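Data first, discussion second: the structure below is written as structure tokens.
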């Protein structure tokens with residue numbers, strides 16, 4: 001029987017491949033937080049497996065549009081996104097899904113160099129519509145993200161931030177002025193949860209979300225498009241009281257048209273002992289948000305056509321406008337790319353978003 005004793009992310013060689021394989025194998029054997037470190041006595045017994053992904057592998061998934069994976073369901077649905085990040089993070093989430101990047105101590109082991117102009121040129125040459133700063137929080141490389149955003153805009157490419165929203169008031173104006181859209185995590189709705197599970201503070205995140213939705217503008221004067229995501233962790237942030245409070249705050253401070261994604265938790269990093277989110281929890285929380293008056297509420301990380309679909313918010317209509325199954329768009333009656341005009345074709349109601 002073979003026992004897995006470690007796995008550390010992906011490898012992009014920046015020196016002779018053999019040296020990088022050795023370095024990553026050592027990291028996998030000694031630094032993977034999910035396993036006890038390999039002992040010296042076990043070294044002769046180790047087998048190292050390296051999986052090589054070819055450049056064509058992404059093209060094998062044409063039915064899974066990248067924009068929905070951010071997730072951004074109301075920002076040019078189905079369009080393509082080039083995603084990248086650096087190393088490190090200013091949050092300490094115990095459930096981090098990208099801990100091999102976010103907790104990295106040496107960027108050299110995880111990255112290759114690319115100028116802002118080079119990133120924009122790569123996206124343009126491949127016909128990609130947007131560039132997303134993601135995987136780790138872009139506020140930790142804010143200057144680089146802003147420079148890249150400006151280079152992207154010069155070529156007609158949308159810059160997007162995927163962020164936890166934990167930043168100072170002084171950092172917000174320059175950062176969000178550089179973005180056309182953002183998905184911001186609202187990880188829970190108590191200070192106790194935020195401090196104990198993420199090492200950050202709820203009030204700072206709420207202030208960022210309020211600013212991003214109500215004040216941030218693009219250079220053209222348009223509101224930055226914002227959607228929110230809450231990862232539901234069983235027993236920690238999925239109780240009715242916390243969810244009602246969150247949805248009430250969103251309605252009162254942001255309005256009902258800001259999309260909210262409830263996402264299913266899967267055990268990771270330092271929370272391997274917590275079970276996955278039951279599908280029923282996503283159904284329940286979505287019902288709570290809709291009952292609180294929010295117009296666009298989604299269930300994520302699961303197959304749920306009802307929870308993934310965009311509906312007309314007019315209670316006399318409720319037509320299906322963009323039907324999805326996970327990240328796959330089945331039917332689109334709304335987007336300009338599909339002949340829509342951002343209005344419900346059945347009743348004429350304007351649908352919030354960028355279409």
Query raised in the report: Tell me, which strands (runs of 3 or more DSSP E) wholly within segment 218-319 include 1 or more residues that are within 23 Å of residue 191 (Cα to Cα) and modelled with pLDDT under 95?
Result: 260-264
**Report entry** Number of the exception - residue 345 against (1) part of a loop (DSSP other than H, G, I, E, B); (2) in contact with a helix residue (DSSP H, G or I) (Cβ under 9 Å, 6 or more places away or on another chain)
**Finding:** (2)
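In the list 207, 212, which residue meets the criterion of being assigned to a helix (DSSP H, G or I) and surrounded by fewer than 22 Cβ atoms within 10 Å (Cβ to Cβ)? Steps first, answer last, please.
Details: 212 fails: surrounded by fewer than 22 Cβ atoms within 10 Å (Cβ to Cβ).
Only one candidate passes the filter, namely 207.
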**Report entry** Residue among 321, 282 that is buried (at least 20 other Cβ atoms within 10 Å of the Cβ), free of Cβ contacts under 8 Å to residues at least 60 places away in the same chain and over 19 Å from residue 76 (Cβ atoms)
**Finding:** 282
Report summary line: When (1) under 24 Å from residue 182 (Cα atoms); (2) crowded, with 21+ Cβ neighbours inside 10 Å; (3) out of contact with any helix residue (DSSP H, G or I) (no Cβ under 6 Å at 6 or more places or on another chain) are applied to residue 277, the one that fails is (1)
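The values are calculated or read from the model by the stated rules, or taken from the named source; none is laboratory data. Model, not experiment: these values are computed from the prediction. Methodologically, a virtual Cβ is constructed for each residue, glycine included, from the backbone with ideal geometry; neighbour enumeration extends over all protein chains shown.
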